[in-house]
Structures are given as C-alpha cells and as structure tokens.
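To start, the structure itself, in structure tokens.
Every read-out reported here was derived from the displayed coordinates using simple, explicitly stated rules and does not represent laboratory data. Here the structure is a predicted model, which is why all the values come from computation and not from measurement. Cβ placement follows ideal geometry from the backbone for every residue including glycine, while neighbour counts extend to all protein chains displayed.
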Amino acid sequence: MKRSIFLAAGLLLLNLTTSRVFAQTTQDTTKKTTQDTAKAVTPAVEGASDVVGALASNADYSNALIAVKAAKLDSVLKTGGPYTIFAPHNNSLTTSKLDSLQKDPAKLASILKGHVVSGKYGKKEIVAALKAGKGKAVVTTLDGQTLTLSLAGSKLQITNAAGSSAQVTLFDLIGANGIVDGINGVLLPK
C-alpha cells in the first residue's frame, strides 16, 4: 500500500513538473515568435524610405507614380519635406490621359504640383486642422496655390482654386519624409 501511495505521489509530481516545463517552453517560444514577428513588421509600420516610395507601395496609384517620374518631380519629393501628396487613383488618371500629359512634361509638372503640399497631412492632422478651422482648412501646394479641405457629408473633400474637387479615399501611406493620401479625381488648374 505504501508503495502505491509513493508511486502515485511520484507520478503526480513528475506530471506537474513536466507540465510546468512544457508550459514555460511554450510561453518562451510564443514570446520569441511574437518578438520576431514584431521586428519583421516594424519597417512596414514605419513606412517607405520617402514619399515617392510610399506612393509606389500601393498599385492603385501607379499612374500617379508614373506621372511623378515623367514630370521629374521624384527627385524633388525624395528629399526635403515633409510633403503630402494627394494622389489620384488609377481610375481617375487613365493611361490614355497620362500618355497625353507625358507629351508636355511642364504641364504635367504643373498639374502634379497642385496635388502636393508642404507639411504632413495624414488623417490625424487633417481632422485636427478641420476642427481648428470649424470644418474647413486651407493648405498651400508646391506651386503656391491653395487647396481647401472640407467635409462633404462624411467624406473629406479637397477643392483647388479653380473649383476642381475630389474626395479622399485613402489615408496615410507613410514615407520617411511625408504621407500619401489617395483621392478619386484629378485637381485640374484653371
């Protein structure tokens, strides 16, 4: 009988010890895996190396990226800043329209400068500017024009001095020197 009790107590002790060791090993492995995953995700959270890289990070804005490069604005936007690009979605800047604009790089550059502002205007900053301006905010583009930000229903609308407008459809593609916000139209000058 004593042997049975000692044997049962020994098995119970062995079982508890094994369970604790296994649980500790599993917890350490989970911590390590979580830490390794967090390290792997960190560069994506921090954003692209620059605002042009942020623009390149989303294929829905590839025509805007092509236009920036064709107008030779990429070299300007890769340095300095911070910048915010209000990038037209591919649906609003068709390949045929882009092809015609590429034939006149000066005109293309002028149109694109009307989509870029100095300063960082992600969603958080835009909301703060709208609150401060009681529903409106005005920002200045690289070519010295103004863009008025306002709410149209629940959507953020951007209107340039010529009256051309578009709505923001994507916020916060982050680059080291700025942000890209996607819009559903092209802001054409006068």
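Under a Cβ-Cβ cut-off of 13 Å, what is the net charge of the residues other than residue 122 that fall near it, where Lys and Arg count +1 and Asp and Glu count -1?
So the environment of residue 122 carries a net charge of 0.
Extent of the range 73-173 along each principal axis, from alpha carbon coordinates, in Å, largest to smallest?
So the three principal-axis extents are 42, 30, 25 Å.
Are there trypsin sites (Lys or Arg not before Pro) in the range 121-150 that DSSP puts in a loop and that have at most 12 other Cβ atoms within 10 Å, and which ones?
For trypsin sites (Lys or Arg not before Pro) across the range 121-150 that sit outside H, G, I, E and B with at most 12 neighbouring Cβ atoms in 10 Å, the list reads 134.
Of 103/136; 131/190; 97/155, which ones are farther than 31 Å apart at the Cα?
From 103/136; 131/190; 97/155, over 31 Å: 103/136.
Could you compute the net charge surrounding residue 140? Neighbours are other residues with a C-beta less than 15 Å from the C-beta of residue 140; K and R count +1, D and E count -1.
Net charge in that neighbourhood comes out at +1.
In whole Å and largest first, what semi-axes does the C-alpha gyration tensor of the range 127-187 yield when each eigenvalue is scaled by 5 and square-rooted?
17, 15, 13
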